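What follows is a short report on a single structure.
The values are calculated or read from the model by the stated rules, or taken from the named source; none is laboratory data. Please read all numbers here as calculations on a predicted model, not as lab measurements. Here the Cβ positions follow ideal geometry from the backbone for every residue, glycine too, while neighbour counts run over all protein chains shown.
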Amino acid sequence: MTEYLLTKGLVVTMDPERRVITDGAVAVEGNRILAVGKAPELAKDYGSFEVIDAGRGIIMPGLVNAHSHLFAMFSRGLGADGHGKRSTRSNYSWDIDRLSLYDKEACLISATLAAVEMLRAGITTTQDSHYINFHLDAIDGVAEAVRDSGMRAVIGRGCWDAPGMAPPEMTEDVWAAIRESDKFIKNWNMKADGRIRTRVEASMLAQCTDDMMKATKSLAEKRGVGWATHVQYRLATSKVDPRQGNKLGSYEGRAVDYMDSLGILGPDSLLIHCTHVDEKEIETLARTETPVAHCPLANAYGGSSKVTMVPEMNSSGVVVGLGTDSVATNDSLDLFQVMKFDALLHKVNSGKTSAMTAEKVLEMTTIESAKALQMDAEVGSLEMGKKADIIILNRNKSGMVPTLNPVKNIVYSTGNNRPIDKVIVDGKIVFRDGEVTTIDEVQIYDRVEEKSRAIMNKLGRLDEFETLNTSPWKFS
């Protein structure tokens, strides 16, 4: 059994008292934390453990990514950059030809790359929304990648059945969706030593009938797993509901209150984005204890002028976690980048430096994201009995010196300086000495390059120099 004593570090616990322990230590046995405290004291009780000297580093909980799409790594560089504002019409544009090629192999390769990038960025747990179901076993590729990477994930199978923002090719019958979702839960929930948890998702209100929303929620409750949906774009504000036989208009187009009327909100229902939620709906979120996944960088990348009312949500007691979203709307899975952007965005949006503090942002990326995923009893803070999901940051790095205020250093100074020294998930070291220990990184980089070019070549979208032939710059 693994026995570690992580010692001589600055321990940022994120526990209820938000203790920061100088000359601190964390004792780990197996996949659990045994003790957190001062290094000299823990050395007396756990002196026989293998010692990992943090060397003045910051010992803190692994980051918890409240929202991502692991299948989407082949979309890097293909986002709506320089092509005008994202459409606010109800007929969202989907690249069906490309997405239809995301089979199990493609999703396994993509998710493996995503896992590498997340572990390198200190993310030990991620939520994942998988809604590309052209190949019914594609989601198994995502789960296999998570299993083999050593990281922790909450994987949701997304479903949709209504014409509207999604084309007919991506819809499926309600009961077919329930059957496949149930099969995924049975095959993967709590597998990989409990590192994989499953969820059911109705991808977005605009794409799902009331029957789909209620049926997926019912299945989630029956199986004791969580539920999620995306709340964003026009249907969240429009009084016109393009779905036949539904009554969103009678709720003045307010999606949150409408979903509340369906009985599908609650602590186990994650609402992703919530860019158009207003103050009245924030009251509904607080009353129903429904958590939110906030993805500020991704929303900005897509040209959205709406900023999620996170400070108001925080004031009302709504649990808000922070997410990267996918590389299709971010081009990066670095949650440190998102942390800094989140703090600055809300300061600018409100005109108040106090609107979003470094302390609050760090909470949103650890314990609050864990709460949003109903995993705060296991991860999100360094406390006795919790899972040993721990990262160590090297303080002897550019941007980290001096460490007069370690919380501000973590949020504002980390970014691409890459101070990640070690990453531990479930008591196992999965990143050390600059390398992910569970995956052959060189091999996966080669496989992603090969697969991504094969997909684009099949679609005829690469020129003779193997670059996108739609780029305004010309290669020679």
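Assorted remarks:
- Filtered residue count, region 188-198, keeping only those that are without any contact (Cβ under 8 Å) to a residue 60 or more places away in the chain and either under 22 Å from TRP160 (Cβ atoms) or in contact with a strand residue (DSSP E or B) (Cβ under 8 Å, 6 or more places away or on another chain) (or both): 5
- When residues of region 421-438 are limited to those that are of a type in the set (D, E, K, R) and assigned to a loop (DSSP other than H, G, I, E, B), the one surrounded by the fewest Cβ atoms within 10 Å (Cβ to Cβ): ASP433
- Screening the candidates GLU117, GLU169 for the property of being in a helix (DSSP H, G or I) and farther than 27 Å from GLU441 by Cα yields one hit, GLU169.
- A residue that is in contact with a Ser or Thr (Cβ under 7 Å, 6 or more places away or on another chain), in contact (Cβ under 8 Å) with a residue 40 or more places away in the chain and not aliphatic (A, V, I, L, M) occurs nowhere in region 206-215.
- Among the candidates LYS347, LYS306, the residue that is at pLDDT 95 or above, in the same structural domain as MET190 (by TED's automatic domain parsing), at negative phi and out of contact with any strand residue (DSSP E or B) (no Cβ under 7 Å at 6 or more places or on another chain) is uniquely LYS347.
- Test: GLY399 is of a type outside the set (Lys, Arg), free of Cβ contacts under 8 Å to residues at least 60 places away in the same chain, part of a loop (DSSP other than H, G, I, E, B) and at positive phi: yes
- For region 1-18, a tally of residues being under 30 Å from the mean Cα position of the chain (by Cα) and buried (at least 16 other Cβ atoms within 10 Å of the Cβ) returns 12.
- Pairs where the first residue, in region 246-259, is touching a residue at least 40 places away in the same chain (Cβ under 8 Å) and the second is small (Gly, Ala, Ser) and part of a helix (DSSP H, G or I), C-beta under 8 Å, 6+ apart: LEU248/ALA255; ALA255/ALA236
- Scoring SER218 on the criteria (1) polar (S, T, N, Q); (2) crowded, with 24+ Cβ neighbours inside 10 Å; (3) modelled with pLDDT of 95 or more leaves a single failure, condition (2).
- If you filter region 438-476 down to residues that are touching a residue at least 12 places away in the same chain (Cβ under 8 Å) and among the polar types (S, T, N, Q), you find that the one that is nearest to ARG147 (Cα to Cα) is THR438.
- In region 128-143, of all residues being in contact with a Lys or Arg (Cβ under 7 Å, 6 or more places away or on another chain) and either in a loop (DSSP other than H, G, I, E, B) or of a type in the set (Lys, Arg) (or both), the one that is surrounded by the fewest Cβ atoms within 10 Å (Cβ to Cβ) corresponds to ASP137.
- All of (1) at pLDDT 95 or above; (2) farther than 30 Å from SER381 by Cβ hold for LEU248 with one exception: (1).
- Residue within region 277-284 that is under 21 Å from GLU363 (Cβ atoms), at pLDDT 95 or above, assigned to a loop (DSSP other than H, G, I, E, B) and of a type outside the set (Asp, Glu) present: no
- Condition check for ASP331: charged (D, E, K, R) and at pLDDT below 95: yes
- You will find that of MET384, MET313, the residue that is surrounded by fewer than 17 Cβ atoms within 10 Å (Cβ to Cβ), in contact with a strand residue (DSSP E or B) (Cβ under 9 Å, 6 or more places away or on another chain) and either modelled with pLDDT under 95 or not polar (S, T, N, Q) (or both) is MET384 and no other.
- Among all positions in region 401-420, there is no residue which is within 16 Å of ALA145 (Cβ to Cβ) and either in the same structural domain as ASP334 (by TED's automatic domain parsing) or surrounded by 16 or more Cβ atoms within 10 Å (Cβ to Cβ) (or both).
- Scanning region 31-54 finds no residues that are in the same structural domain as LEU333 (by TED's automatic domain parsing), in a helix (DSSP H, G or I) and not basic (Lys, Arg).
- Residue count for region 262-276, restricted to those that are more than 26 Å from GLY351 (Cα to Cα) and either in a loop (DSSP other than H, G, I, E, B) or of a type outside the set (A, V, I, L, M) (or both): 8.
- Members of region 338-381 found to be polar (S, T, N, Q), in contact with a helix residue (DSSP H, G or I) (Cβ under 6 Å, 6 or more places away or on another chain) and free of Cβ contacts under 8 Å to residues at least 24 places away in the same chain, listed by number: THR353
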